[in-house]
1. Considering each residue of segment 86-111, count those that are in a helix (DSSP H, G or I) and either within 16 Å of the ligand (Cβ to nearest atom) or basic (Lys, Arg) (or both), and give that number.
2. Starting from segment 123-142, take each residue that is within 16 Å of Ser175 (Cβ to Cβ) and list its partners that are assigned to a loop (DSSP other than H, G, I, E, B) and among the aliphatic types (A, V, I, L, M), counting only C-beta distances under 7 angstrom and pairs at least six apart or across chains.
3. Would you point out which residue out of Leu169, Leu145 is farther than 20 Å from Lys110 by Cα and either outside the structural domain of Arg216 (by TED's automatic domain parsing) or not aromatic (Phe, Trp, Tyr) (or both)?
4. Of Lys67, Lys7, Lys15, Lys106, which residue is closer than 21 Å to Gln164 by Cβ and exposed (fewer than 13 other Cβ atoms within 10 Å of the Cβ)?
5. Could you count how many residues in segment 100-115 are among the acidic types (Asp, Glu) and touching a residue at least 24 places away in the same chain (Cβ under 8 Å)?
6. In segment 85-99, which residues are buried (at least 21 other Cβ atoms within 10 Å of the Cβ) and within 25 Å of Asp64 (Cα to Cα)?
7. Suppose the filter is in a loop (DSSP other than H, G, I, E, B), of a type in the set (A, V, I, L, M, F, W, C) and touching a residue at least 60 places away in the same chain (Cβ under 8 Å); does Leu22 pass it?
8. Within the bounds of segment 212-221, is there any residue that is of a type in the set (A, V, I, L, M, F, W, C), closer than 30 Å to Arg77 by Cβ and not in a loop (DSSP other than H, G, I, E, B)?
Amino acid sequence: MQLEQLKGVFGSTTKALEILYLNYNLKPVVRQGFYDNEIGRVKDFCRTHGLAYETAPYKVILADKQKRYSDKGFKARVDDPRRGMFFIYISKDERKATEARIFEMKDNHKELGLILGYPECCVDFFVENWPERSQLDNSYVFPALKNTDGYKFPFYTNIIKRSQDTTLLNHFPHSFKCEKSINMAKDRLKMLYELEARTASELVHELKCRVRIGTRTIEFS
Ligand SMILES: [Zn+2]
């Protein structure tokens, strides 16, 4: 599997990378949203590569239409006229893809997070903050920041640039110093260096940055 080819099928670097993690057993299940016109080629790809996939029986409409990127969406009927994405669950293990679809259908965030391979500390963090954050923008950057001391963080957990298609993680770390998230990102980066060294170093370069969030200026290095 080549990153460029995957980008053509899945539509972004972040999504393409997740498929690579799946392929190299660094992730058990991938959950991604696609619009109508993208679904056919994604399913074709899965069939050609012997990957199991499941499609959610509803669509998700992004809550903030003004922004190109949003962490927040709501479920709607498949025949709802508004433009929505369909969640597809992809795995080497058919049972896991099915389970992930069912957990999400039932809003079981804990089991969904675990089957997607997120660290348990971060899943618990999400579950704990969900009632409040889901009413806002459904971003967990502020609560994670609250859990992190200091101003210098490892670049591995930089999820601030996820909207610019630049991230090694696909979950919100419970803290920017979460050890399990750091190790996960390290394994992924190691794989990427072996496959596409140039892309890997460009990604690291992008992730190392200084950002201002609220009243704090933090540095990922
Ligand atoms: Zn964690």
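1. Total satisfying the criteria: 5.
2. Once the first residue is within 16 Å of Ser175 (Cβ to Cβ) and sits in segment 123-142, its partners that are assigned to a loop (DSSP other than H, G, I, E, B) and among the aliphatic types (A, V, I, L, M) give Val141/Ile160.
3. On the way: Leu169 fails: farther than 20 Å from Lys110 by Cα.
Answer to the selection: Leu145.
4. Only one candidate qualifies: Lys67.
5. Total satisfying the criteria: 1.
6. Matches in segment 85-99: Phe87, Ile88, Tyr89.
7. Answer is no for this residue.
8. Checked against the condition, which is being of a type in the set (A, V, I, L, M, F, W, C), closer than 30 Å to Arg77 by Cβ and not in a loop (DSSP other than H, G, I, E, B), segment 212-221 yields no hits at all.
The values are calculated or read from the model by the stated rules, or taken from the named source; none is laboratory data. All values reported here derive from a predicted model rather than from experimental measurement. Please note: Cβ atoms are built from the backbone with ideal geometry, for glycine as well, and neighbour counts cover all protein chains shown.
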